[in-house]
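**Q** Please see the structure below; I have some questions.
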Amino acid sequence: MANKSTLIKLYCSANGVDNVDFRSDVRLVDHSDGTGVHIEHWGLSISQPTDEQLASYETAANTEEANNIVRSTRRTAYGDIGEQLDEIYKDIDAWKARIKSIKDNNPKS
């Protein structure tokens, strides 16, 4: 199940809002009563989504979250950009092979 914030980001993007600040624009709360996360404050210019509208983004949100994990794993494996530039300067073919291996071992959905 996707995070409510990811669902909201996708809903907003589909409705013309590309940046959502979850400290001022939208605040989420979990009352720990078993009902999950709810929207406590909605301060955007578009209508607040219903649970059904958010649910329609579940598949896309799951894919986005999985890809975020892959991106993070790749970023760590790539290493420091300065080190990469040095590696490219010394042996671009070795760098290409290493990056390809990282991408192959961490495919996006």
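The values are calculated or read from the model by the stated rules, or taken from the named source; none is laboratory data. Remember, it's a predicted structure, so these values are computed and weren't measured experimentally. FYI the Cβ positions are ideal-geometry reconstructions off the backbone, even for glycines, and counts take in every protein chain you see. Remember, those area values only see protein heavy atoms, side chains included, never the ligands or the DNA or RNA. Shrake-Rupley method; radii C 1.70, N 1.55, O 1.52, S 1.80 Å.
**Q** How do the helices (runs of 4 or more DSSP H) wholly within the range 1-95 filter down when requiring 1 or more residues that are within 27 Å of K108 (Cβ to Cβ), of a type in the set (S, T, Y) and open to solvent by less than 40 Å² (accessible area, probe 1.4 Å): which remain?
**A** So the answer is 4-14.
**Q** Could you check, for the range 87-97, whether at least one of its residues is basic (K, R) and out of contact with any strand residue (DSSP E or B) (no Cβ under 9 Å at 6 or more places or on another chain)?
**A** yes
Table: residues versus (1) in contact with an Asp or Glu (Cβ under 8 Å, 6 or more places away or on another chain); (2) not hydrophobic (A, V, I, L, M, F, W, C).
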site: L7; (1), (2): yes, no
site: R27; (1), (2): yes, yes
site: S45; (1), (2): no, yes
site: T59; (1), (2): no, yes
site: I81; (1), (2): no, no
site: D93; (1), (2): no, yes
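**Q** Turning to a different aspect of this structure: Determine, yes or no, whether K100 is touching a helix residue (DSSP H, G or I) at 6+ places or on another chain (Cβ under 9 Å) and either free of Cβ contacts under 8 Å to residues at least 24 places away in the same chain or assigned to a strand (DSSP E or B) (or both).
**A** So K100 does not fit the description; no.
**Q** Across the range 96-109, what is the number of residues that are over 22 Å from the mean Cα position of the chain (by Cα) and either modelled with pLDDT under 95 or open to solvent by less than 100 Å² (accessible area, probe 1.4 Å) (or both)?
**A** Here the count works out to 3.
**Q** Another question about this same structure. Might you check whether a residue that is of a type in the set (A, V, I, L, M) and over 21 Å from N62 (Cα atoms) occurs anywhere in the range 7-28?
**A** no
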